[in-house]
Amino acid sequence: MKALVTGGGGYIGRHVVAQLVARGDDVTVLGRHRYPDVEALGARGVTSDLGRDDPALAGLFAGMDVVFHTAAMTPIHAPRSAFTAINVDGTRRVIEACRGAGVSRLVFTSTPSVAHADGDTEGLREEQCPYPDHYESPYADTKAEAERMVLAANDDRLATTALRPHIVYGPDEPHMLPRILARHRAGRLRIIGDGKNRVGLTYVDNAAAAHVQAGDALAIGSANAGRPYFVTDTEPVVLWSWLNALFAGVGLPPLERRVSLGTARAIGAVAEAAWAVLPLKGEPPMTRFVATQLATSHWFDLSNGRRDFGLAAVVDGDEGLRRTVAWFAG
């Protein structure tokens, strides 16, 4: 199979590449830059900026059996225009390139944030989680717009599907866990809420495997064509207990101090306002969106994915945590 992976230098993307190459597929990685470490796996690298029009883009897609669109703008805090350029306009360009090159399968990496309103979401299927009327982050808002675009593009020439991997973790995870560990080491981390919220996490190999499974099953008129799917490990975890197990594994004390969700959201609102008007570097220490994510329960019924494209974890959650601890413990 000939596959193209956009954003192949990203955390999920490079694991998708690794799994495809390992089974013998012909893989091309598209990014704004070349990624020697990913190409060293056996993939071919090509360059294009999805945030801008590129007349040559369809030519890079030519001959591909399937495209995995994993590229995205993901930071919590950035100008909305940056999110729109990559997440919305970039996705539109990928769809157009697929059509221009005659690609018949497109797997889009989405996020459960597109369907997560305020409050708990426990054990629900995709059809029970409509898009909310309002989003508190431009990331979730623009990813929702992109997901709708991808699913609407499904027709008798291009089969599309969207995957929503939730809180992806694992060895070398570059964003969430390093920040959490750094804040705990600095004494600035608190449990938000009562600490009992259950969350569906996704070990990175399971996220990548879901993409491969969905791509293999996808075809014009297939069960997963035109539909979105939540992706997590098999069972949810109590988030703060899971984090304390990670802390113990890397030699940090358990986290015990707490702050209410209301207080955390108030801090997040102030931080968002400050970062919006002042020339502050980096990302806010808290946002309303992050506070809600860390304090509420959000895990999902995976039965639709299991039925429609054989969604199955390749690493169980306990082993995923063990491997993650071993990496961050050094």
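List of remarks:
- Angle in degrees between helix 90-101 and the longest Cα principal axis of the chain, rounded to the nearest 10: 20 degrees
- If you take all other residues with their beta carbon under 12 Å from the beta carbon of residue 8, and give Lys and Arg +1 and Asp and Glu -1, the sum is +2.
- Beta bridges per DSSP with both ends in segment 119-246, % antiparallel, nearest 5: 20 percent
- Nearest-ten-degree value, helix 11-22 long axis tilted from longest Cα axis of the chain: 50 degrees
- Residue exposure sequence - 247, 68 - by fewest surrounding Cβ within 10 Å: 247, 68
- Reachable aspartates and glutamates, given that their alpha-carbon falls under 19 Å from the alpha-carbon of residue 281 and they are not under 8 places away in the same chain: 272
- Among beta bridges identified by DSSP and lying wholly in the chain, the antiparallel ones come to about 5 percent.
- Near the amide H of residue 162, within less than 5 Å, lie the amide hydrogens of 108, 227, 229, all on another chain or at least 5 residues away, with H placed in the peptide plane.
- Angle of helix 317-329 to the longest C-alpha principal axis of the chain, folded into 0 to 90 degrees and rounded to 10: 70°.
- Rounded to the nearest 20, the size of the Cβ-charge dipole of segment 37-99 about its Cα centre is 200 debye, with Lys and Arg at +1 and Asp and Glu at -1.
- Taking 14 Å as the straight-line reach from the Cα of residue 196, the aspartates and glutamates in range (excluding those fewer than 8 positions away in the same chain) are 120, 122, 256.
- Candidates 270, 29, 107, ranked by Gaussian network fluctuation over the chain, Cα under 10 Å, top entry: 270
- When each of 4, 252, 278 is scored by the number of other beta-carbon atoms lying within 10 Å, the sequence from fewest to most is 278, 252, 4.
- 13 Å beta-carbon shell around residue 304, net charge (K/R +1, D/E -1): +1
- This model, with +1 at the C-beta of Lys and Arg and -1 at the C-beta of Asp and Glu, gives the chain a dipole about its Cα centre of some 760 debye.
- Top of 178, 132, 55 by mean-square fluctuation, Gaussian network on the chain, Cα under 10 Å: 55
Every read-out reported here was derived from the displayed coordinates using simple, explicitly stated rules and does not represent laboratory data. Small disclaimer: the values here were computed from a predicted structure and weren't measured. As a convention, Cβ positions derive from the backbone with ideal geometry for all residues, glycine included, and neighbour counts pool all protein chains shown.
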